[in-house]
Amino acid sequence: MQKLIEKANVLMEALPWIRRFYGKTIVIKYGGNAMVDEKLKEGFARDVILMKYIGLNPVIVHGGGPQIGEVLDAMGIETRFVQGMRVTDAATMGVVEMVLGGKVNKEIVANINAHGGKAVGLTGKDGGLIRARKLEMTKVNPETLSPEIIDIGMVGEVDVIDPQVIRALEANNFIPVIAPVGIGADGRSYNINADLVAGRIAGALQAEKLILLTDVEGVKDTNGALISTIDYREVPKLIADGTLTGGMIPKATCCVDAVREGVAKTHIIDGRVEHACLLEIFTDKGIGTAIADFGSNQA
Ligand SMILES: Nc1ncnc2c1ncn2[C@@H]1O[C@H](COP(=O)(O)OP(=O)(O)O)[C@@H](O)[C@H]1O
Ligand SMILES: CC(=O)N[C@@H](CCC(=O)OP(=O)(O)O)C(=O)O
């Protein structure tokens, strides 16, 4: 009997959060282990469906860097990254679009639908969702010490998000699943980092939350301890002092941008944990690192 009461208590813990987030949009960047491990994949699909059934509006933006890498390898096409971005020539762009917009996107859609949801897959081309422009990347020349533009091909950044197609899907109870491929004013496809797309979509939708799933517990301090909350104004300092490095820099920066655009709270959480999204949204303590406006006097 006690066990049953404990189960009821767990459900009751969720009640204030369900009330608070009812009708609200939650943008989730899906990637890493959560997208390859069978058990985690199933758990993610069920989490998203549960969210939808209790009245939240989940919007999924997915990555797929490793999956693109595998296909490029099999085709004998070399790939390299500059400042975390894949150098994307015409042949690579073809593979990116095929893998992200095709295989990866449809697998996620099929997984959600197999568990009772109604997901619809899109790329940024559908409904004019993601208007992109070429990413101008600069690098400091070590000899002249002046910044130089380096050409990394068809890598884009988000110019404008037109959320109309997402609103139309939400209104009809569909779950949008978005591949990070945009279209330029020139009609060409652009390969965009998935975290950046998730951040801008969250901003355009004025989402309640942006959740980035990754393969670490969250943001850690220099001793390796998890930092549970970070005021968004502190992020530049954490980058400058070397607490945040590598792939965590664009993630945290995209959280800061989303907060600036009006997203109430952003989270970097561990996608290796089963039901990570539910634990973040519906429990009092949550998991991972929250980046938001916690007030400027917070450490
Ligand atoms: N302060 C930090 N806390 C946690 N991870 C960090 C930190 N600084 C750098 N990292 C690195 O950032 C990585 C996450 O970024 P990335 O590999 O790009 O994630 P993903 O592939 O999930 O998009 C972690 O695996 C870790 O190596
Ligand atoms: C420009 C650029 O690097 N685009 C990424 C898009 C996919 C992505 O972001 O996937 P992850 O989230 O799994 O890294 C790429 O080509 O890998």
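The values are calculated or read from the model by the stated rules, or taken from the named source; none is laboratory data. Note that the coordinates shown come from a computational prediction; the quantities given were computed from them, not determined experimentally. Cβ: placed from backbone, ideal geometry, glycine included. Neighbour counts: every protein chain shown. Remember, those area values only see protein heavy atoms, side chains included, never the ligands or the DNA or RNA. Shrake-Rupley method; radii C 1.70, N 1.55, O 1.52, S 1.80 Å.
Results, tabulated for the structure shown:
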| quantity | calculated |
| --- | --- |
| Where a residue in the stretch 218-240 is farther than 18 Å from Arg260 by Cβ and its partner, wherever it lies, is among the acidic types (Asp, Glu) and open to solvent by less than 70 Å² (accessible area, probe 1.4 Å), with Cβ under 9 Å and at least six apart | Gly218/Asp270; Ile227/Asp221 |
| Selection within the stretch 228-248 - of a type in the set (A, V, I, L, M) and either within 16 Å of ligand 2 (Cβ to nearest atom) or open to solvent by 40 Å² or more (accessible area, probe 1.4 Å) (or both) | Ile239, Ala240, Met248 |
| Residue check, Leu50 away from ligand 2 (no atom under 13 Å from the Cβ), open to solvent by 50 Å² or more (accessible area, probe 1.4 Å), more than 26 Å from Ile201 (Cα to Cα) and not charged (D, E, K, R) | no |
| Residue pairs meeting the criteria (Cβ under 9 Å; at least 6 apart or on separate chains; first within 16 Å of ligand 2 (Cβ to nearest atom) and of a type in the set (Asp, Glu), in the stretch 136-156; second open to solvent by 100 Å² or more (accessible area, probe 1.4 Å) and part of a strand (DSSP E or B)) | Glu136/Ile149 |
| Positions within the stretch 24-45 being outside any helix (DSSP H, G or I) and under 11 Å from the mean Cα position of the chain (by Cα), in sequence order | Ile26, Val27, Ile28, Lys29, Tyr30, Gly31 |
| The stretch 119-135, residues that are without any contact (Cβ under 8 Å) to a residue 60 or more places away in the chain and of a type in the set (Lys, Arg) | Arg131, Arg133, Lys134 |
| Qualifying residues in the stretch 164-186 (those that are of a type in the set (Gly, Ala, Ser) and open to solvent by less than 50 Å² (accessible area, probe 1.4 Å)) - the one nearest to ligand 1 (Cβ to nearest atom) | Ala179 |
| Which listed residue is more than 16 Å from ligand 1 (Cβ to nearest atom), aliphatic (A, V, I, L, M) and surrounded by 13 or more Cβ atoms within 10 Å (Cβ to Cβ), from Ile149, Ile211, Ile161, Ile192 | Ile161 |
| The stretch 117-135, subset within 13 Å of ligand 2 (Cβ to nearest atom) and small (Gly, Ala, Ser), residue nearest to Glu97 (Cα to Cα) | Gly124 |
| Members of the stretch 35-61 found to be among the hydrophobic types (A, V, I, L, M, F, W, C) and in contact with a Ser or Thr (Cβ under 9 Å, 6 or more places away or on another chain), listed by number | Leu56, Val59 |
| Checking Arg80 against (1) within 16 Å of ligand 1 (Cβ to nearest atom); (2) surrounded by 12 or more Cβ atoms within 10 Å (Cβ to Cβ); (3) under 20 Å from Ile152 (Cα atoms), the condition it does not meet | (2) |
| Selection within the stretch 167-194 - among the polar types (S, T, N, Q), within 19 Å of the chain's Cα centre (by Cα) and in a loop (DSSP other than H, G, I, E, B) | Asn193 |
